[in-house]
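Values in this text are rule-based calculations from the coordinates and carry no lab data. Values in this document were obtained by computation on a predicted structure and should not be read as measured data. FYI the Cβ positions are ideal-geometry reconstructions off the backbone, even for glycines, and counts take in every protein chain you see.
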């Protein structure tokens, strides 16, 4: 499986403020890259209303991530249920969006446990097996806006797959004059 073939993507963006607009250019690129691609957004409850307004998102799953909330008694049960729900979604890949300074690794672990074969994230932490595609945050990125950081990350898989597989547009047949006939 490659990103080139990934038809069903789980995009993960947890935010306590409900600001998903910084991911929208990257979501647009994912959808534009393969218009038949289905995008499901896994996000936090404060993002429910903004998530419904994003045209590129086909489905929204709300989840109170334990690394962003106060622990509850049944947290482990809720986490196992969410992993099972993600696993049942039969996703080909996961793109994990984080703000500068946040780690993609907790969400990457959930996605790995849910058997999502392709997992993209960025950050300063070495991801080990948690991410199959990793964009390291560097000092060069410090001046990039949040939206630019997300777009740069998604471009790595879009451009990388095109570079390995060639362009997707079907080749035009040569006219008889071009073919030398």
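Observations on the structure shown:
- As a proxy for reagent exposure, 27, 42, 68 were ordered by neighbouring Cβ count within 10 angstrom, fewest first; the result is 68, 27, 42.
- Across the alpha-carbon set of the range 1-53, the Rg to Rh ratio works out to 1.00, Rh being the Kirkwood radius.
- Whole-percent pair-distance distribution, where bins are 5 Å wide, for the alpha carbons of the range 3-165: 1, 9, 19, 23, 23, 16, 6, 2, 0, 0
- Gain in span if fully extended, residue 79 to residue 55, counting 0.36 nm per residue against the direct Cα distance: 5.8 nm
- Backbone N within the range 76-108 under 17 Å of label point (7 Å from residue 147 Cα along the Cβ vector): 98-100
- Considering the range 54-131, its Cα convex hull presents a mean projected area of 5.9 nm².
- With each label modelled as a point 7 angstrom along the Cα→C-beta vector, the residue 124-residue 100 pair spans 1.1 nm.
- By the count of other C-beta atoms within 10 Å, a proxy for reagent exposure, 8, 32 are ordered fewest to most as 32, 8.
- Relative contact order for the range 32-113: 21 percent, from Cα pairs under 8 Å spaced at least 6 residues apart, divided by residue count.
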